[in-house]
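First the structure, in the form of structure tokens, and then the observations on it.
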Amino acid sequence: MKHISYLITAFLLCLIAKGQENKLHLVVGTYTNSCDSNGIYIYTFDSNTGEFIYKSASDKIINPSYLAVSNDRKFIYSVYENGLQSKISAFAFNEFTAELKLINTQDSKGADPCYIINDTKNVIVANYSGGNISVFRKNNDGSLTEAKQVIQHFGKGKNKNRQEKPHVHMVHFSPDKKYILANDLGNDKVYSYKYSQDATKEILRLTDTINIKSGSGPRHLCFSKDGNSIYLLNELDGTLNTFGYSKGKLKKVDETTIVTKDFSGEISAADIHISPDGKFLYATNRGTANTISIFKVLKNRKLEFKENSSTLGKTPRNFTIDPSGNFLLVAHQNSNNIVIFKRNKSTGAIKDTGKRINLCAPVCLVFTK
């Protein structure tokens, strides 16, 4: 009888574990200066059904417009995008209760931080208006030291309204974590830095600079699944570049665009991601388009355009694909909602589920188990 009881208990535990495999946390960063928002919001998300449940929110903070979760899921790092008063913050994250607790805050050392990444040792930030990169060391309790390194970019581009000075828009680890790539919208360059995780001073060391087409405005990039290619989305003209990648070096392979031939409105390319299986690439266009472009990734690294779809909202700032590849979620800054699409894994096409997460100015979406 005891043996049967043990078997039943084990079976029930397996069922519970199986059910939890589909459960994710969705961490959302928002702008707080246009409507009522606490800042960071946590939801649970079911990657089988697309259903979500609100769990918690941060105490009131200012414009946490980009977030990063630590690999052990114990900490969340956030920018506070607030001009010359901008900050970087560390939060303790309880993945069982989904609660956040502020640990500490540091000066970002550059105005308007817009992107943040982390590994076990460091947090690295792109400061848009400051035109620089800041590197912060992690303490054992997850808190952040003052900036250990600040790298200033220089130069400008031909677009007088948007490229009057450098504007670092993204920092991104290479797949092997040996390099950091940085896109500068203001001077049309992508920088490649050798990354020394344990260094005390020169954590980032410039090894290469790639010139992008004048006036294009490099914004975001993503790597192919095998790590041998980079896809770069340019905000100002909507072009999409393909590069071969090896050991911090980029070599241009091709160029396409997310702008249709008959489009005559404002171009404002925003975000780019590749599907978990590496077969499809997606890129958004804000401005007057409010669309997402879908491309098939070919064996020769090039992209084959499939279709443009409406994102069903205003200003699709950031989007994400859940790790299973079943759903694609789009954060709309100006229509104050997150639209949940179902993905067709065979064709890459997306279909509206009718599900919406309504909240103030969502601009960053991060999934974590």
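The values are calculated or read from the model by the stated rules, or taken from the named source; none is laboratory data. What you see is a predicted model, and the numbers here were worked out from it, not measured in a lab. Cβ: placed from backbone, ideal geometry, glycine included. Neighbour counts: every protein chain shown.
Summed over the range 157-182, the residues that are more than 24 Å from residue 65 (Cβ to Cβ) and basic (Lys, Arg) give a count of 4. Within the range 274-283, is there a residue that is farther than 20 Å from residue 221 by Cβ and either in contact with a Phe, Trp or Tyr (Cβ under 8 Å, 6 or more places away or on another chain) or of a type outside the set (Asp, Glu) (or both)? No, there is no match, as no residue in the range 274-283 is farther than 20 Å from residue 221 by Cβ and either in contact with a Phe, Trp or Tyr (Cβ under 8 Å, 6 or more places away or on another chain) or of a type outside the set (Asp, Glu) (or both).
Yes or no: residue 311 under 18 Å from the mean Cα position of the chain (by Cα) and within 20 Å of residue 170 (Cβ to Cβ)? Against the criterion (under 18 Å from the mean Cα position of the chain (by Cα) and within 20 Å of residue 170 (Cβ to Cβ)), residue 311 does not qualify.
Residues checked against (1) out of contact with any helix residue (DSSP H, G or I) (no Cβ under 8 Å at 6 or more places or on another chain); (2) buried (at least 23 other Cβ atoms within 10 Å of the Cβ); (3) among the small types (Gly, Ala, Ser):
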site	(1), (2), (3)
165	yes, no, no
168	yes, yes, no
183	yes, yes, no
208	yes, no, no
211	yes, no, no
216	yes, yes, yes
222	yes, no, no
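When you check residue 139 against the structure, is it surrounded by fewer than 19 Cβ atoms within 10 Å (Cβ to Cβ), farther than 28 Å from residue 258 by Cα and either modelled with pLDDT of 95 or more or of a type in the set (A, V, I, L, M) (or both), yes or no? Spell out the reasoning first.
Working: surrounded by fewer than 19 Cβ atoms within 10 Å (Cβ to Cβ): yes; farther than 28 Å from residue 258 by Cα: yes; either modelled with pLDDT of 95 or more or of a type in the set (A, V, I, L, M) (or both): yes.
Here the answer is yes, as residue 139 does meet what is asked.
Screening residue 157 against (1) over 18 Å from residue 221 (Cα atoms); (2) surrounded by fewer than 20 Cβ atoms within 10 Å (Cβ to Cβ) leaves a single unmet condition, (2). If residue 121 passes every condition in (1) surrounded by 22 or more Cβ atoms within 10 Å (Cβ to Cβ); (2) at negative phi but one, which one does it miss? Every condition holds for residue 121 apart from (1). Only one of the numbered conditions (1) within 28 Å of residue 36 (Cβ to Cβ); (2) aromatic (Phe, Trp, Tyr); (3) under 17 Å from the mean Cα position of the chain (by Cα) is violated by residue 341, and that is (3). Applying the set (1) under 26 Å from residue 285 (Cα atoms); (2) in contact with a strand residue (DSSP E or B) (Cβ under 7 Å, 6 or more places away or on another chain); (3) polar (S, T, N, Q) to residue 207 leaves exactly one unmet item: (1). Note on the range 153-172: residues that are over 13 Å from residue 132 (Cβ atoms) and in a loop (DSSP other than H, G, I, E, B) total 9. Against the criterion of being crowded, with 24+ Cβ neighbours inside 10 Å and among the hydroxyl-bearing types (Ser, Thr, Tyr), residue 134 qualifies. For the range 34-54, a residue qualifies if it is surrounded by fewer than 22 Cβ atoms within 10 Å (Cβ to Cβ) and in a loop (DSSP other than H, G, I, E, B), and the qualifying residues are 34, 35, 36, 38, 47, 48, 49, 50, 51. Filtered by the rule that a residue be surrounded by fewer than 22 Cβ atoms within 10 Å (Cβ to Cβ) and modelled with pLDDT of 95 or more, the range 251-264 gives 251, 252, 253, 254, 255, 256, 257, 259. Does the range 111-158 hold any residues that are farther than 17 Å from residue 194 by Cβ and either in contact with a helix residue (DSSP H, G or I) (Cβ under 9 Å, 6 or more places away or on another chain) or of a type in the set (D, E, K, R) (or both), and which are they? Within the range 111-158, 111, 112, 129, 130, 137, 138, 141, 146, 156, 158 meet the criteria. Just one of the listed residues (268, 229, 214, 224) is farther than 23 Å from residue 306 by Cα and either more than 19 Å from the chain's Cα centre (by Cα) or not hydrophobic (A, V, I, L, M, F, W, C) (or both), namely 214.
Right, residue 341: over 24 Å from residue 21 (Cβ atoms) and out of contact with any His (no Cβ under 8 Å at 6 or more places or on another chain) or not?
Criteria not met by residue 341.
Filtering the range 270-294 to residues that are over 21 Å from residue 355 (Cβ atoms), surrounded by fewer than 23 Cβ atoms within 10 Å (Cβ to Cβ) and either at pLDDT below 95 or touching a Gly at 6+ places or on another chain (Cβ under 8 Å) (or both) leaves 277, 279, 287, 288. Within the range 31-53, residues that are free of Cβ contacts under 8 Å to residues at least 24 places away in the same chain reach partners that are in a strand (DSSP E or B) with beta carbons closer than 7 Å, at six or more positions or on different chains, in the pairs 38/57; 53/43; 53/44.
In the range 226-235, the qualifying residues are those that are surrounded by 15 or more Cβ atoms within 10 Å (Cβ to Cβ) and not hydrophobic (A, V, I, L, M, F, W, C), and the one that is farthest from residue 158 (Cα to Cα) is 229.
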